[in-house]
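Visitor: This is the structure I want to talk about, given as structure tokens.
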Amino acid sequence: MSKTIRASGTLHWVGVGLSTGSGLRVLANRANRVMLWGRRPDRVQACIERLGLRGQVHPNALSADALESAVGPGDVVVSMLPTTEHVSLLQLCLRRGAHFACSSYVSESIAHLAKQAAERGLTVLTEAGLDPGIDHLFAHDLMALSLTETGDDSADAVFTSYCGGIPEKPNGFRYRFSWAPHGVLAALRTPARYIEGGAERVVDRPWEAVQRHIVAGEAFEVYPNRDSLPFVTQYHIPPSWRLRQFVRGTLRLAGWHQAWSEVFDVLADEDAEKIRELANTLAARYPTTSMDRDRVVLTVALTLSGATGRSWHGEYLLDMVGSDAESAMATCVSVSLAVGVCEVLDGRTGTGLRRAGGDTAETSRWLAGLREHGISFTRRIGSDRGSSR
């Protein structure tokens, strides 16, 4: 394995879309030099002005050749572009000897390239935004706390992790688009795999597995999302635990399933052209305006029940509303990613594929960084020996 490439202190933030928020300000105050890249110079400049970063961040017109020429050894490239463009950016990083970071899930292509990055002493930081990202931090911390208090003795375990971007003020549609409607519809067409009732389950149409879920006394609707099972290993669930439920999913306002019934009818037909037309219709019918305020709710919980009657429960809750300056979604995604990138800049992140959190010290630093930069959350711990906050 090659010697670890030390971060140069120069950072390239690529993309100025909906998720680019105050995390960029965090990095502007931390990195030696920050380059902001976007395909439309007017949007790049508007982003700089909105975040109050004139003179701290250097605007650049994005093209493959211009970015390749600018990236140097040890630089950090942060991709805020669609997931389909992560691979080409990571390939650029490998050619230039630069580190890579994004907030998206790990694809097979990214995992393959990350092995090459490890061989060259480079970091590939992924799953470092909100979900995936902050949810990982909450899960790792709950796991560490539970094992410290109860050990890894045989126990029945229930783990749930639900996250959603919803409107602050409920509307008739029971939703506010925080990303492209076509992407939202595509996600709903992705089969989900999870554990329910102690058995593995697969649902081809996630919206058909909607359940009622209470968070801090408020009723929501939740459904499984993607494949939860790989996270059993990622979260280091002891093999001695009997998983009664293990699900990572999406949270929506109560009434969402009924409000979206016509949408589900179109999705069920699986007509690609009709789905594209529906996405365009929804974008026009439910535009996100400057007057809208979004709300992000993330709840992660772990409950253990032992054969001797002993029990343990831990739960994290993040409930945040957007401001005039930026959406809650942009704050959560960009700040979490920025805190992770600071780990890379400080040389604390290992080489190859990395995700949010990991060991206890890293998770603790990351959680402290979120609080430092304005992301509040609560943690509740209880057991048969009493409870604490």
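The values are calculated or read from the model by the stated rules, or taken from the named source; none is laboratory data. If you're wondering where the values come from, they're calculated on a predicted model, not measured in any experiment. Cβ placement follows ideal geometry from the backbone for every residue including glycine, while neighbour counts extend to all protein chains displayed.
Visitor: Consider segment 177-218. How many of its residues are part of a loop (DSSP other than H, G, I, E, B) and not aromatic (Phe, Trp, Tyr)?
Guide: Residues in segment 177-218 being part of a loop (DSSP other than H, G, I, E, B) and not aromatic (Phe, Trp, Tyr): 12 in total.
Visitor: Can you pull out every residue in segment 4-42 that is of a type in the set (Val, Ile, Thr) and either over 25 Å from ARG120 (Cα atoms) or assigned to a strand (DSSP E or B) (or both)?
Guide: THR10, VAL14, VAL16, THR20, VAL26, VAL34
Visitor: (1) touching a residue at least 24 places away in the same chain (Cβ under 8 Å); (2) surrounded by fewer than 23 Cβ atoms within 10 Å (Cβ to Cβ); (3) assigned by TED's automatic domain parsing to the domain that holds PHE159: which one isn't true of VAL300, the others all being true?
Guide: Single failed check for VAL300: (2).
Visitor: Would you pick out the residues in segment 254-284 that are touching a residue at least 24 places away in the same chain (Cβ under 8 Å) and basic (Lys, Arg)?
Guide: The answer is ARG276, and nothing else.
Visitor: Between GLY15, GLY23, GLY38, which is closer than 16 Å to VAL344 by Cα, of a type outside the set (D, E, K, R) and either crowded, with 17+ Cβ neighbours inside 10 Å or at pLDDT 95 or above (or both)?
Guide: Numbers: GLY15 fails: closer than 16 Å to VAL344 by Cα; GLY38 fails: closer than 16 Å to VAL344 by Cα.
Answer to the selection: GLY23.
Visitor: Can you tell me which of (1) part of a helix (DSSP H, G or I); (2) more than 23 Å from the chain's Cα centre (by Cα); (3) surrounded by fewer than 19 Cβ atoms within 10 Å (Cβ to Cβ) is the one PRO239 doesn't meet?
Guide: Of (1) part of a helix (DSSP H, G or I); (2) more than 23 Å from the chain's Cα centre (by Cα); (3) surrounded by fewer than 19 Cβ atoms within 10 Å (Cβ to Cβ), only one is false for PRO239: (1).
Each row is one residue, and each column tells you yes or no for (1) aromatic (Phe, Trp, Tyr); (2) within 21 Å of ARG30 (Cβ to Cβ); (3) buried (at least 23 other Cβ atoms within 10 Å of the Cβ).
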position	(1), (2), (3)
ASP319	no, no, no
ALA328	no, no, yes
ALA361	no, yes, no
SER364	no, yes, no
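Visitor: Scan segment 157-169 and tell me whether some residue there is modelled with pLDDT under 95, buried (at least 21 other Cβ atoms within 10 Å of the Cβ) and part of a loop (DSSP other than H, G, I, E, B).
Guide: Within segment 157-169, not a single residue is modelled with pLDDT under 95, buried (at least 21 other Cβ atoms within 10 Å of the Cβ) and part of a loop (DSSP other than H, G, I, E, B).
Visitor: Residues that are within 22 Å of ARG348 (Cβ to Cβ), modelled with pLDDT of 95 or more and touching a strand residue (DSSP E or B) at 6+ places or on another chain (Cβ under 7 Å): which helices (runs of 4 or more DSSP H) entirely in segment 58-136 hold 1 or more of them?
Guide: 86-96, 108-119
Visitor: Then there's this: Six or more apart or on different chains, Cβ atoms under 7 Å: show the pairs whose first residue is in segment 194-213 and without any contact (Cβ under 8 Å) to a residue 24 or more places away in the chain and whose second is hydroxyl-bearing (Ser, Thr, Tyr).
Guide: ARG201/TYR194; ALA209/TYR223
Visitor: Within segment 189-208, restricting attention to residues that are buried (at least 18 other Cβ atoms within 10 Å of the Cβ) and either of a type in the set (A, V, I, L, M) or over 15 Å from TYR162 (Cβ atoms) (or both), which residue is nearest to the chain's Cα centre (by Cα)?
Guide: ALA192
Visitor: In addition: Just to be sure I understand the filter: pairs with C-beta atoms under 9 Å, separated by 6 or more residues or on different chains, first member in segment 162-191 and acidic (Asp, Glu), second member surrounded by fewer than 16 Cβ atoms within 10 Å (Cβ to Cβ) and not in a strand (DSSP E or B). Which pairs pass?
Guide: Matching pairs, first to second residue: GLU168/ARG293.
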